[in-house]
1. If you check Ala88 against the conditions, is it assigned to a helix (DSSP H, G or I), without any contact (Cβ under 8 Å) to a residue 60 or more places away in the chain and farther than 21 Å from Gly7 by Cα?
2. Filter the range 23-42 for residues that are more than 16 Å from Leu114 (Cβ to Cβ) and surrounded by 12 or more Cβ atoms within 10 Å (Cβ to Cβ); which is nearest to the chain's Cα centre (by Cα)?
3. Let me spell it out: the conditions are (1) modelled with pLDDT under 95; (2) surrounded by 15 or more Cβ atoms within 10 Å (Cβ to Cβ); (3) of a type in the set (Val, Ile, Thr), and Val74 meets all of them except one. Which number is the exception?
4. Among Leu14, Leu8, which is the only one that is loosely packed, with under 13 Cβ neighbours inside 10 Å, under 16 Å from the mean Cα position of the chain (by Cα) and not small (Gly, Ala, Ser)?
5. So is Ile79 surrounded by 15 or more Cβ atoms within 10 Å (Cβ to Cβ), part of a helix (DSSP H, G or I) and hydrophobic (A, V, I, L, M, F, W, C) or not?
6. Quick one: in the range 27-66, which of the residues that are small (Gly, Ala, Ser) and in contact (Cβ under 8 Å) with a residue 40 or more places away in the chain is farthest from Leu12 (Cα to Cα)?
7. Would you check which residues across the range 82-92 are in contact with a Gly (Cβ under 8 Å, 6 or more places away or on another chain), surrounded by 15 or more Cβ atoms within 10 Å (Cβ to Cβ) and of a type outside the set (S, T, N, Q) and list them?
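The values are calculated or read from the model by the stated rules, or taken from the named source; none is laboratory data. Worth saying up front: this structure is predicted, and the values here are computed from it rather than measured. Positions of Cβ are backbone-derived with ideal geometry, glycine not excepted, and every protein chain shown enters the neighbour counts.
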Amino acid sequence: MRKLFVGLAALLMLVVVAQFYFAASGAFSTAPNEESFRPHRALGYVIFFLPVLMAIVGALARMPGRLIGMAGLVAGLAIVQVLVAVLAKAFNDTGDTTTTAGQLVFGLHAVNGLAIVAVSGNVLRRARVLAGSAVTGRRAGAGDDAEVPGAAAGTAQPAS
């Protein structure tokens, strides 16, 4: 189950990187906005549902609560993405063509996207450490990858 979680975390990271690609291709497209940002918008739903699935798999795999919570945080940040887009559009609908309030608010969409990249990368990194620790018998989260006492080849550790 932990390897499944790692696979989902890697898939999430790939989807998030693809999301930036689709945002850039939509921004430089000559097609109307509705059409040019369609792939970006569709992938946004995946970025919401994939971390929800990860949280469920993580709970079933008995992953640490912090890691499950970080997966849930990605889903929450995806919701914030939608809210920022709706709020920016509301500011642009005032009819005043000289206002840049909508543009300023929409800039938060990119900043929040960077937060999604950071949290997704952190989830992937931590999940890989945990999955690797289950296989090698090493203590997860140890900065020096210290061995778990008595875990390697059934050897007993001397008492201190």
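1. Working: assigned to a helix (DSSP H, G or I): yes; without any contact (Cβ under 8 Å) to a residue 60 or more places away in the chain: yes; farther than 21 Å from Gly7 by Cα: yes.
In short, yes.
2. Arg41
3. (1)
4. On the way: Leu8 fails: loosely packed, with under 13 Cβ neighbours inside 10 Å.
Just one listed residue meets the conditions, Leu14.
5. On the way: surrounded by 15 or more Cβ atoms within 10 Å (Cβ to Cβ): no; part of a helix (DSSP H, G or I): yes; hydrophobic (A, V, I, L, M, F, W, C): yes.
Criteria not met by Ile79.
6. Step one: filter the range 27-66 for residues small (Gly, Ala, Ser), giving 27, 29, 31, 36, 42, 44, 55, 58-59, 61, 65.
Next, only the ones that are in contact (Cβ under 8 Å) with a residue 40 or more places away in the chain stay: 58, 61.
Details: Gly58: 14, Ala61: 18 Å.
This residue is Ala61.
7. Correct list: Ala88, Phe91.
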